[in-house]
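Below is one structure, written out as structure tokens, with a few remarks after it.
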Amino acid sequence: MTVAELVELIGQGVDVAGVALIATGLILTTIRYLARLRGQATRSYQHYREGLGRTLLLGLEFLVAADVIRTVAITPTFQSLGILASIVAIRTFLSWSLEVELEGRLPWQRSRPSAAPHPAESATGREEGAGREEGAERQVGADGPRRW
């Protein structure tokens, strides 16, 4: 067996693993969804979507890895690298879209730590202006404006 044949075989194995991950994840997530469906339909559906999204993300990572293994290790020509770049770009966009869908924010946006108050909240934990009557006076202290 030559190195090229071995690399092709490894690439095919990683491809099969990626497809198997997606299929297995789909089946297990669906079974889990159907088991939870009796109790909380809305919450169950959200878990189902998240499970499917995570399964697809992991499967796509395996499929991209298989493409990289086969393309770079076997036939590193400009044409094959161009095809690989296109495939990786498409799959990366799909992964990115799934991530945005699952997380509800862009990847470069950080989620707020739960301990830190939102800037629109005062030290009491209420929103600025919440519970304030019209015409309430404001006082400016050393740590900024306060509402009375």
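Only one entry in I10, I22 is under 30 Å from G104 (Cα atoms) and either part of a helix (DSSP H, G or I) or touching a residue at least 12 places away in the same chain (Cβ under 8 Å) (or both), namely I22. Considering only the stretch 45-82, state which residues are more than 20 Å from I22 (Cα to Cα) and in a helix (DSSP H, G or I). Once the filter is applied, which keeps residues that are more than 20 Å from I22 (Cα to Cα) and in a helix (DSSP H, G or I), the stretch 45-82 yields R70, T71, V72, A73, I74, F78, Q79, S80, L81, G82.
When restricted to residues that are surrounded by 18 or more Cβ atoms within 10 Å (Cβ to Cβ) and of a type in the set (G, A, S), the stretch 17-52 contains 3.
Coordinate-derived values only; no laboratory data. Because the structure is predicted, anything quoted here is derived from the model rather than measured. Here Cβ is always computed from backbone atoms with ideal geometry, including for glycine, and neighbour counts include all displayed protein chains.
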